[in-house]
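Below is one structure, written out as structure tokens, with a few remarks after it.
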Amino acid sequence: MDDLDLIDRKIIAELMRDATLPVAQIADRVGLSQTPCWKRIQKLEANGILTGRVALADPNRLGFGLTVFVGIEAPDHSTEWRENFENVTTNIPEIMEVYRMAGEMDYLLRVAIPDIRSFDGLYKRLTDAVPIKNVTSHFAMERMKFTTAYPVNTRDR
């Protein structure tokens, strides 16, 4: 972890819980006045520790009721293939996350999509655009836990 003191970690934790909090409220919760708190927030952003502020939306209410985790086995591990795969997956907006993995699969994708028919279309677009040795899809039945807040230590100095 970067050289973050307890107050920085508390600020980060508050913002990860709710990025809409006014600076005055954050400052009060972490034991600072507004100006030093705002300066710390700006420094955390400038140093790339805080990378953005977003609104979280309910995927079901937006029509993305199906979550699919897709394991990809690459046919080769060349730079050319990786760059092509990255370009293709970056340009398919339903692919929310892509991880390069160690173990049985080479890549793991999280896909948010309306339904099975839409997933089939995405599958065809992906496999038509880039050679893939094997695709394994896992359909989520229920999201039991979800958070975007990392468990930052806000107790110990």
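Here are some notes:
- Index of the failed condition, residue 126 passing every other in (1) out of contact with any strand residue (DSSP E or B) (no Cβ under 6 Å at 6 or more places or on another chain); (2) of a type in the set (A, V, I, L, M); (3) assigned to a loop (DSSP other than H, G, I, E, B): (3)
- Considering the range 104-123, the residues that are of a type in the set (A, V, I, L, M) and part of a helix (DSSP H, G or I) include one that is least open to solvent (accessible area, probe 1.4 Å), namely 122.
- Failed condition for residue 156, given (1) among the acidic types (Asp, Glu); (2) at pLDDT 95 or above; (3) out of contact with any Lys or Arg (no Cβ under 7 Å at 6 or more places or on another chain): (2)
- Selected residue (only one of 23, 30, 88 is among the hydrophobic types (A, V, I, L, M, F, W, C) and in contact with an Asp or Glu (Cβ under 8 Å, 6 or more places away or on another chain)): 30
- Output for the range 140-154, where each listed residue is touching a residue at least 40 places away in the same chain (Cβ under 8 Å) and out of contact with any helix residue (DSSP H, G or I) (no Cβ under 8 Å at 6 or more places or on another chain): 140, 143
- Residue match in the range 55-72 (condition: surrounded by fewer than 14 Cβ atoms within 10 Å (Cβ to Cβ), of a type in the set (D, E, K, R) and without any contact (Cβ under 8 Å) to a residue 40 or more places away in the chain): yes
- The helices (runs of 4 or more DSSP H) found entirely in the range 8-103 include none that carry 3 or more residues being assigned by the TED database to the domain that holds residue 136 and aromatic (Phe, Trp, Tyr).
The values are calculated or read from the model by the stated rules, or taken from the named source; none is laboratory data. Source: prediction; values computed, not measured. Glycine gets a Cβ as well: all are built from the backbone with ideal geometry, and neighbour counts include every protein chain shown. We work out accessible area using only protein heavy atoms, side chains counted, and drop any ligands, DNA or RNA first. Shrake-Rupley method; radii C 1.70, N 1.55, O 1.52, S 1.80 Å.
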